[in-house]
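S.K.: Here it is: the structure, laid out below.
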Amino acid sequence: MTVAKTANPIDMSAYWIPYTPNRYFHQNPKVMESAKGAYYFDNHGRKLFDGLSGLWCSPLGHGDPRIGAAIQKQYETMDYCPAFQMASEATFTLASRIVDMAPAGLDKVFFTNSGSEAVDTALKMAVAYHRCMGNASRFRMIGRERAYHGVGIGGISVGGIVANRKAFANMMMNGVDHLPHTFNLSQMAFSKGQPTWGAHLADELENIVTLHDANTIAAVILEPVQGSTGVLVPPQGYLQKIRDICTKHGILLIFDEVITGFGRLGTNFGADLFGVTPDMIIFAKAITNGVIPMGGVIVRGDIYDAIMAQGGQEQTIEFFHGYTYSGHPIPTAAAHAVLDIFESDNLVNRAKALEPVLENSLHALKGKTGLLDIRNCGLSGAVDLVPIAGKPGLRAMKTLEACIKRGALVRITNDTIAVGPPFISTPAEVEFLVSVLSDAIDDAMKLG
Ligand code: PMP
């Protein structure tokens with residue numbers, strides 16, 4: 001299988017492309033050649049506005065020389081340091097910087113290499129904490145329908161994407177329940193920001209607690225805004241209710257902020273925007289601007305203290321968990337450079353300032369043929385499209401292809417299109433992205 005390139009054809013036979021219909025891709029390959037600022041350049045010579053900041057992970061756009069210089073310098077100084085009985089100084093200072101950005105009380109950082117690993121880490125921390133507090137029976141986890149928590153066995157177990165769960169049903173973790181998702185088109189179609197309907201759906205948590213007994217439940221995990229399944233914004237009051245019920249029953253609350261962390265909602269974390277503080281925050285993606293993998297968990301100080309209290313002997317490892325590349329010096333250097341740029345270029349505020357531009361231009365599409373819903377929160381938004389009869393997902397696929405022909409990249413999931421432009425975008429670029437999307441939907445609607 002080859003694809004024509006200007007100089008040489010690309011041999012596509014060996015690469016198993018993740019999360020992509022491989023056979024269809026081989027017929028319609030999308031090959032990127034370079035990236036700079038808010039744009040990708042593909043092998044047809046097209047300049048494509050990066051309407052999803054990579055995969056939600058590149059808020060600073062691409063090729064910022066300050067990140068490259070930091071990586072190069074670190075490589076020359078120390079290219080690796082084991083995450084085992086030793087650490088580099090920059091890893092300590094990075095943890096402190098992240099704690100300074102996080103809500104008060106979240107005082108410790110554990111580094112991983114990805115969101116999926118951070119999810120599994122947080123679930124294990126929750127169980128370890130309860131065991132250390134004398135509650136070894138608390139092992140059950142509660143996730144939500146339509147949640148995405150990565151692809152580890154823990155993540156797909158607490159996640160609520162049916163296709164993901166069905167494929168590996170026999171590998172699922174024991175003791176997991178799911179809260180209903182909060183998306184209801186008949187109540188909230190075309191709502192801006194947080195829908196007013198749906199806070200009562202949090203009451204289902206009380207029912208699950210009654211069913212199993214609070215003393216068996218370790219944690220609730222949720223994305224403040226469900227990103228991968230289409231920017232599903234929590235109803236007003238919903239997250240606070242979940243927080244209150246967790247606190248009442250001694251259940252830990254974990255926010256998976258892999259997408260929402262580091263400014264995507266116009267605040268450092270979703271926890272800040274919604275005014276609800278969880279017991280742990282999972283992060284990844286934007287911490288290194290997607291340049292190099294890194295993830296992690298920010299944890300309440302007393303959770304750490306409780307687990308450490310089980311140590312005591314010089315040779316006792318309190319939490320038997322970690323990765324060869326936890327706190328690796330090179331992603332650590334990249335993350336420092338990214339946080340420097342966030343500060344010097346005031347990027348969270350830039351994201352916040354662009355929010356109304358995205359909101360207004362997206363909602364101006366209301367009334368257009370083929371649209372079932374429009375929603376937005378911070379610098380992220382989504383539209384749902386009328387599916388092509390008998391071929392779920394094809395309308396969105398055709399819309400993506402039309403977007404590429406017209407000069408922008410968007411993200412598809414089923415028949416939903418998500419956008420999340422880089423924070424460095426200009427207002428005109430955000431409007432361009434939505435106008436490309438609008439025309440691409442028209443193109444895709446011609447297919448019936
Ligand atoms: N959690 C959430 C909320 C995510 O959006 C993602 C990735 N899109 C993950 C976890 C998994 O992250 P990774 O792909 O880095 O493992």
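S.K.: Quick one, can you get me the convex hull of the C-alpha atoms of the range 368-448 expressed as volume per residue in Å³?
M.R.: Considering the Cα atoms of the range 368-448, their hull volume per residue is 80 Å³.
S.K.: Can you tell me the order of 130-142, 264-276, 76-88 when each peptide is scored by its average per-residue count of other Cβ atoms within 10 angstrom, highest first?
M.R.: Answer by packing, highest mean first, reads 264-276, 130-142, 76-88.
S.K.: For the ranges 10-17, 46-53, what's the packing order if you count other beta-carbon atoms within 10 Å of each residue, average per peptide, and put the highest first?
M.R.: Descending mean neighbour count gives 46-53, 10-17.
S.K.: If you add up the charges near R97, with Lys and Arg at +1 and Asp and Glu at -1, over every other residue whose beta carbon is less than 15 angstrom from its beta carbon, what do you get?
M.R.: -4
S.K.: Which chymotrypsin sites (Phe, Trp or Tyr not before Pro) does the range 285-320 hold that lie in a coil by DSSP with at most 13 other beta carbons within 10 Å?
M.R.: F320
S.K.: For the chain, report the translational diffusion coefficient in µm²/s to the nearest whole number, using Stokes-Einstein at 20 °C, 1.002 mPa s, and a Kirkwood Rh over Cα pairs.
M.R.: Here the translational diffusion coefficient equals 94 µm²/s.
S.K.: Ignoring everything except DSSP H segments at least 4 long, calculate the 222 nm mean residue ellipticity for the chain; use -39,500 (n - 2.57) per segment, divide by total residues, nearest 500.
M.R.: Per the formula, -11500 deg cm²/dmol.
S.K.: What list of ³J(HN,Hα) values in whole Hz, one per residue of the range 120-127 in order, does the Karplus curve 6.51 cos²θ - 1.76 cosθ + 1.60 (θ = phi - 60°) give from phi, with Gly and Pro shown as x?
M.R.: 3J(HN,Hα) across the range 120-127, in whole Hz: 4, 4, 5, 5, 5, 4, 4, 5.
S.K.: Taking 2.2 N^0.38 Å as the expected size of a compact globular protein, what ratio does the Cα radius of gyration of the range 284-415 give against it, to two decimals?
M.R.: Normalised Cα radius of gyration, the range 284-415: 1.57.
S.K.: Something else: Taking 1 over the mean of 1/r across every pair of different Cα atoms in the range 63-110, what Kirkwood radius in Å do you get?
M.R.: For the range 63-110, inverting the mean 1/r across all distinct Cα pairs yields 12.6 Å.
S.K.: Subtracting the Cα-Cα distance from 0.36 nm times the residue separation, let me have the gained length for A104 to Y15 in nm, one decimal.
M.R.: 27.6 nm
S.K.: Below 8 Å between Cα atoms, with a sequence gap of 6+, how large is the relative contact order for the chain in percent?
M.R.: Result for the chain is 21 percent.
S.K.: Something else now. Can you give me the convex hull volume of the Cα atoms of the range 15-109, divided per residue and expressed in Å³?
M.R.: 188
S.K.: Ok, one more. Please compute the contact order of the range 133-264 in relative form: average sequence separation of alpha-carbon pairs under 8 Å and at least six residues apart, divided by the residue count, as a percent.
M.R.: Contact order relative to length: 28 percent.
S.K.: What does the highest-first list of 152-164, 353-365 look like by mean Cβ count within 10 Å?
M.R.: Those peptides, ordered most packed to least, come out 152-164, 353-365.
S.K.: So, in Å, what gap is there between the alpha-carbon centers of the range 129-199 and the range 52-89?
M.R.: Cα centres, the range 129-199 to the range 52-89: 31 Å.
S.K.: Normalised radius of gyration for the range 232-308, please: alpha carbon Rg relative to 2.2 N^0.38 Å, two decimal places.
M.R.: Relative to the rule-of-thumb radius for its length, the range 232-308 sits at 1.18.
S.K.: Hey, could you grab the Kirkwood Rh for the range 112-193? Inverse mean 1/r over distinct alpha carbon pairs, Å, one decimal.
M.R.: Evaluated on the range 112-193, it is 14.1 Å.
S.K.: Now for a different question. Under unit Cβ charges (Lys, Arg +1; Asp, Glu -1), what dipole magnitude, rounded to 20 debye, does the chain have relative to its Cα centre?
M.R.: 1200
All of the numbers you see were taken from the coordinates with simple rules; none came from a lab. The shown structure was predicted, so the numbers you read here are calculated from the model rather than taken from an experiment. Cβ sites come from the backbone with ideal geometry, for glycine too, and all protein chains shown count toward neighbours.
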